[in-house]
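Notes to accompany the following structure.
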Amino acid sequence: MLDFDQAQTLLANAAGPLQRTEHVDLTQASGRVLAADLDATVDIPPADNSAMDGYALRLADWSLDARLPIQQRCYAGDVPEPLKPGHAIRLFTGSVIPEGADVVVMQEDATEADNLVQISREPKPGQHIRRRGEDTRAGSPLLPAGTLLHAAHVALLASQGLASIPVFAQLRVGILTTGDELVQPGQPRATEQIYNSNGPMLAAMVRGMSALPVHVLHARDTETDLLAAFKTLLADCDLVLSVGGVSVGERDLVKPALAALGGELSLWKVRMKPGKPVALAQIDGKPVVSLPGNPVSAYAVFATLVTPLMRRMQGRAEIFPPVSQLRLRTAQPRQDAREEFLRVQCRVADDGGSELTPYGHQGSGVISSLPWSTGLARLPADVLVHDQDQVAYYDLRHWLA
Ligand code: AMP
Ligand code: MG
């Protein structure tokens, strides 16, 4: 048996970043991973500009009773004239600051009549001017390789005028579900059969990680079926995930199938609940991870053990999302010989802090606990955990992203 932390490290190192990169249009960049360090090439803002709707003038020309002639009305996008002494130029937010002006006065402090402007409050030197390069300087680092791009990064890249950027290729994931008892949703089902939840669930989780679920195959519990499916997935994907059939039952044939394909099994049982049977094999230089069949176990193992490996393969800089320490609410003290990952909801308590409430039924077959939960609370093995004790919280918004 392996400890959870050991298993997580082993899995996270089971493959390196993809070598394939490509260029994508900025409109397609969200969810992709930057493949090169990018430096700024443009000062942002590119010229001094106004932070307010108002007037540009020389501070030296201001006095309470001065009425300055308005030389020009300069809208955002217009080219300003050099400011004549004793004059003001009407400006708007984003207008370029005229040469010679050293302050912007907001229109709320100004009275305009007969093309003259009078300013009721003494301006401070340099006020309301956004300086060239105060946001980003040309030549300074913009974003490092490994950044998972979201709207905020897209804004920054667009501000530099970039229309296309280098990203890592999307990780291609093959999914294999196993079991004679399973039917696909939408198909007729006999009493002794159950619907296949793991296939659609894993495909959705893979997509949630901005990777591509290239195939979702199903194999019956025969070595021939498993071998054929694994071969298809290995030919087409960077990472293969199988689910079920990896325990010690007579029909648990995943392990022998992987061995028949020349796979070296590098881990077997992880001391975690739910979970336990998890296997990693390397076949043709590609990692194959076999997850336990219970949907809840597959979900927890995917979130905590598979996603770090996926992030590494995607070239992402952050492999392990943050884990916080939060209070657990539990009616009875809890203890288990394995580390336990409880499905919990993180809620705001009366004192304004966050606390974790476990789902009532923690059985590893209880699928209804999954949409209810916001994350997983990790309880150490062989320790009695009491109400209000601090435990590690794996927020699934981070761990499944
Ligand atoms: P196994 O590891 O194959 O023995 O599966 C453990 C449990 O998970 C059994 O109750 C299976 O019926 C169930 N199971 C396995 N695969 C799936 C699946 N794709 N969807 C729903 N339940 C599954
Ligand atoms: Mg099975």
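The values are calculated or read from the model by the stated rules, or taken from the named source; none is laboratory data. Predicted, not measured: the structure shown is a model, and the values here were computed from it. Cβ coordinates were reconstructed from backbone atoms using ideal geometry, including for glycine residues, and neighbour counts include every protein chain displayed. To get the accessible areas, we keep the full protein, side chains included, count just its heavy atoms, and leave off ligands, DNA and RNA. Shrake-Rupley method; radii C 1.70, N 1.55, O 1.52, S 1.80 Å.
Check Ala281, Ala300, Ala317 and return the single one that is of a type outside the set (Ser, Thr, Tyr) and in a helix (DSSP H, G or I). Steps first, please.
Working: Ala281 fails: in a helix (DSSP H, G or I); Ala317 fails: in a helix (DSSP H, G or I).
After applying the criteria, what remains is Ala300.
Asp284 is checked against (1) within 29 Å of Val33 (Cβ to Cβ); (2) within 14 Å of ligand 2 (Cβ to nearest atom) and fails just one. What number does that condition carry?
Result: Asp284 fails condition (2) only.
Just to be sure before I move on: is Gly100 more than 30 Å from Leu26 (Cβ to Cβ), in a loop (DSSP other than H, G, I, E, B), modelled with pLDDT of 95 or more and not aliphatic (A, V, I, L, M) in the structure I sent?
Working: more than 30 Å from Leu26 (Cβ to Cβ): yes; in a loop (DSSP other than H, G, I, E, B): yes; modelled with pLDDT of 95 or more: yes; not aliphatic (A, V, I, L, M): yes.
Spelling it out, Gly100 is indeed more than 30 Å from Leu26 (Cβ to Cβ), in a loop (DSSP other than H, G, I, E, B), modelled with pLDDT of 95 or more and not aliphatic (A, V, I, L, M).
Which of the residues spanning region 204-221 are surrounded by fewer than 18 Cβ atoms within 10 Å (Cβ to Cβ), under 18 Å from Leu305 (Cα atoms) and hydrophobic (A, V, I, L, M, F, W, C)?
Scanning region 204-221 gives a single hit, Ala204.
In region 247-268, which residues are buried (at least 24 other Cβ atoms within 10 Å of the Cβ) and within 11 Å of ligand 1 (Cβ to nearest atom)?
Answer for region 247-268, where residues must be buried (at least 24 other Cβ atoms within 10 Å of the Cβ) and within 11 Å of ligand 1 (Cβ to nearest atom): just Val254.
Every residue in region 336-364 that is surrounded by 13 or more Cβ atoms within 10 Å (Cβ to Cβ) and closer than 28 Å to Met1 by Cα, please.
Within region 336-364, Asp336, Arg338, Glu339, Glu340, Phe341, Leu342, Arg343, Val344, Pro358, Tyr359, Gln362, Ser364 meet the criteria.
Any idea which residue in region 247-269 is farthest from Ile283 (Cα to Cα), counting only those that are modelled with pLDDT of 90 or more and either assigned to a loop (DSSP other than H, G, I, E, B) or more than 16 Å from ligand 2 (Cβ to nearest atom) (or both)?
Going through the qualifying residues, I end up with Leu253.
Open to solvent by less than 20 Å² (accessible area, probe 1.4 Å), under 14 Å from Gln127 (Cβ atoms) and at pLDDT 95 or above: which single residue out of Leu83, Leu91 fits that description?
Leu91
Can you pull out the residues in region 269-315 that are basic (Lys, Arg) and either open to solvent by less than 10 Å² (accessible area, probe 1.4 Å) or within 11 Å of ligand 1 (Cβ to nearest atom) (or both)? Give the steps one after another, and end with the answer.
Residues of region 269-315 that are basic (Lys, Arg), as a first pass: 269, 271, 273, 276, 286, 311-312.
Lys276, Arg311, listed by residue number.
Looking for something under 19 Å from Val243 (Cβ atoms) and either at pLDDT below 95 or assigned by TED's automatic domain parsing to the domain that holds Val240 (or both) - is there at least one such residue anywhere in region 348-363? Quick ask: steps written out before the conclusion?
Just the residues of region 348-363 that are under 19 Å from Val243 (Cβ atoms), to begin with: 363.
If we keep only those that are either at pLDDT below 95 or assigned by TED's automatic domain parsing to the domain that holds Val240 (or both) as well, we get 363.
Yes.
Okay, residues lined up against (1) open to solvent by 40 Å² or more (accessible area, probe 1.4 Å); (2) within 22 Å of Phe302 (Cβ to Cβ); (3) assigned by TED's automatic domain parsing to the domain that holds Leu291; (4) assigned to a helix (DSSP H, G or I):
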| site | (1), (2), (3), (4) |
| --- | --- |
| His153 | yes, no, no, yes |
| Leu156 | yes, no, no, yes |
| Gly161 | yes, no, no, no |
| Gly174 | no, yes, yes, no |
| Asp180 | yes, no, yes, no |
| Pro185 | yes, yes, yes, no |
| Pro188 | yes, no, yes, no |
| Glu192 | yes, no, yes, no |
| Met201 | no, yes, yes, yes |
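Condition check ((1) over 36 Å from the mean Cα position of the chain (by Cα); (2) among the polar types (S, T, N, Q); (3) in the same structural domain as Glu112 (by TED's automatic domain parsing); (4) open to solvent by 70 Å² or more (accessible area, probe 1.4 Å)) across all residues:
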residue	(1), (2), (3), (4)
Ala14	no, no, no, no
Gly31	no, no, no, no
Ala40	no, no, no, no
Gly54	yes, no, yes, no
Gln71	yes, yes, yes, no
Ala76	no, no, yes, no
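Looking at Ser197, Ser242, Ser164, which is the one that is more than 16 Å from ligand 2 (Cβ to nearest atom), in contact (Cβ under 8 Å) with a residue 12 or more places away in the chain and under 30 Å from the mean Cα position of the chain (by Cα)?
Numbers: Ser197 fails: more than 16 Å from ligand 2 (Cβ to nearest atom); Ser242 fails: more than 16 Å from ligand 2 (Cβ to nearest atom).
So the residue among Ser197, Ser242, Ser164 that is more than 16 Å from ligand 2 (Cβ to nearest atom), in contact (Cβ under 8 Å) with a residue 12 or more places away in the chain and under 30 Å from the mean Cα position of the chain (by Cα) is Ser164.
Listed here are the residues, each with its yes/no results for (1) surrounded by 13 or more Cβ atoms within 10 Å (Cβ to Cβ); (2) of a type in the set (D, E, K, R).
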position: Pro125; (1), (2): no, no
position: Leu143; (1), (2): yes, no
position: Gln170; (1), (2): yes, no
position: Asn196; (1), (2): yes, no
position: Glu223; (1), (2): yes, yes
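Looking at Ser63, Ser50, which one is modelled with pLDDT of 95 or more and touching a Ser or Thr at 6+ places or on another chain (Cβ under 9 Å)? Before the answer, list the steps.
Values: Ser63 fails: touching a Ser or Thr at 6+ places or on another chain (Cβ under 9 Å).
Among Ser63, Ser50, only Ser50 is modelled with pLDDT of 95 or more and touching a Ser or Thr at 6+ places or on another chain (Cβ under 9 Å).
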